[in-house]
Every structure is written in C-alpha cells, then in structure tokens.
Amino acid sequence: MQRLKSLSWQNARSSLKGYDRDSLLKLVGEMYRLSPENRDFLQARLMPDLDRATPFKKRLRATLNPDAFGKLDYDLAVAKRAIREFSQASSDPEAIADLMIYAVECGNRFTLNCGDIDEDFYDGLIEIYAAAIKKVLQLPKDARSIYRRRLEKIMGSSGGIGWGYHDDLCDLFSRAFPEE
C-alpha cells in the first residue's frame, strides 16, 4: 500500500521540479517514442497544424467504417476513446468539433455502404452527433457554417437508416439550428 502512495502524481510532480529544461525535453521525447498513444497525444497538444488530428481520424475510420479495411466489425468504445483522448490533448474546440463530425460521417458511410447495423451502433453515433452539435454551438457564429452544413449532410443522408437514427438526427439538428 505504501508503494502505491509513492506513485502519486504529487510525488511525480515534486520529482519533476528538480529537472532542468533539457532533462524535461529529453523525458518528453522518451515518452513520445514510448507508445503511439503518447505520440498522438503530444502531437495533438503541441502541434499547431491541422494534421494533428490525423492519427485520431485513422482510428475513427478503422473503427466506425471498418469495411474500408476489409472487415465488418465496428468498435464504438475505441472510437469514443479516440475522441476523448483528442479532446483531452487539444484545446481547439473547432478541431474537436471536426473530429466528432468526422466520426459520425464514418459511421454513416459504413451503414450506407454495408447496410443496417444495430441499435447500439446508432445510439453511439447519435451520442457523438449530439456532442458535435454542442461543440459547434460553442464556436463563434462565423465559424459554425461549415460544420452546420456537414451535420446537415449527415442528417440528410441518413433518411433510409432505421432504429430511429434518422429521426433522432433530424430532431437534434432542428433544435440546434431552428432557423434552418
């Protein structure tokens, strides 16, 4: 039990205070190379370019539109984890909105290409769609239009999809953008 107490963030933080700048940079570099997850997190946090979401988009495509990879198994948990990790790493609400919308686009495309999936799949996509709308509404008005159009396109293309998916998307969209 004593060992677990010594592994707290407070103790790690205290140790880090003794590091100089070069030692901290070396430590971050080692963490970067240690795992793909660390690399993706650090790139999302530190890189100013638009490509910082690319590794997360690849994970979303592989888990929400798996037919593109020759398999038909989706994994909502992995997709949601990718969105959560990117959201924790990035402070850019526009990039987060873009990633969430991309996730729903992938799931929608999977259905349109492969046919009806199941209720859990659509419930997960609806949850992500609702979160994306919430994030878009937090953006400045002049930045919303491109995301609103993508959300509308998803809604429009979902017309033949069952499980109440289309109805829920229409309801969420019309409540968020009543002027449409």
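A few points about this structure:
- Considering (1) within 20 Å of Arg149 (Cβ to Cβ); (2) open to solvent by less than 50 Å² (accessible area, probe 1.4 Å); (3) at pLDDT below 90, the lone condition that Gly115 does not fulfil carries the number (1).
- Of residues in segment 18-43 being aromatic (Phe, Trp, Tyr) and closer than 18 Å to Phe56 by Cα, the one surrounded by the most Cβ atoms within 10 Å (Cβ to Cβ): Phe41
- Unmet criterion (only one of (1) more than 18 Å from Leu64 (Cβ to Cβ); (2) crowded, with 18+ Cβ neighbours inside 10 Å) for Gly156: (2)
- Count - residues of segment 152-172 that are within 20 Å of Pro93 (Cβ to Cβ) and either among the polar types (S, T, N, Q) or out of contact with any Leu (no Cβ under 8 Å at 6 or more places or on another chain) (or both): 2
- Extreme residue, nearest to Phe121 (Cα to Cα), among residues of segment 11-70 that are among the acidic types (Asp, Glu) and in a helix (DSSP H, G or I): Asp67
- All of (1) of a type in the set (Val, Ile, Thr); (2) open to solvent by 30 Å² or more (accessible area, probe 1.4 Å); (3) at pLDDT below 95 hold for Ile146 with one exception: (3).
- Taken over segment 51-73, the residue count meeting the criterion of being at pLDDT below 90 and open to solvent by 60 Å² or more (accessible area, probe 1.4 Å) is 6.
- Qualifying residue in segment 88-104 (condition: assigned to a helix (DSSP H, G or I) and without any contact (Cβ under 8 Å) to a residue 24 or more places away in the chain): no
- The listed residues are Arg144, Arg149, Arg175, Arg109, and the only one of them that is part of a helix (DSSP H, G or I), basic (Lys, Arg) and closer than 16 Å to Lys58 by Cα turns out to be Arg109.
- The set of residues from segment 115-126 being touching a helix residue (DSSP H, G or I) at 6+ places or on another chain (Cβ under 8 Å) and either over 12 Å from Leu64 (Cα atoms) or among the polar types (S, T, N, Q) (or both) comprises Asp120, Ile126.
- Meets criteria (free of Cβ contacts under 8 Å to residues at least 40 places away in the same chain and in a loop (DSSP other than H, G, I, E, B)) for Gly160: yes
The values are calculated or read from the model by the stated rules, or taken from the named source; none is laboratory data. Being a predicted model, the structure only gives us computed values, none of them experimental. With ideal geometry, Cβ positions are generated from the backbone for all residues, glycine too; neighbour counts draw on all protein chains shown. Heads up: the accessible areas ignore ligands, DNA and RNA and are worked out on the full protein's heavy atoms, side chains in. Shrake-Rupley method; radii C 1.70, N 1.55, O 1.52, S 1.80 Å.
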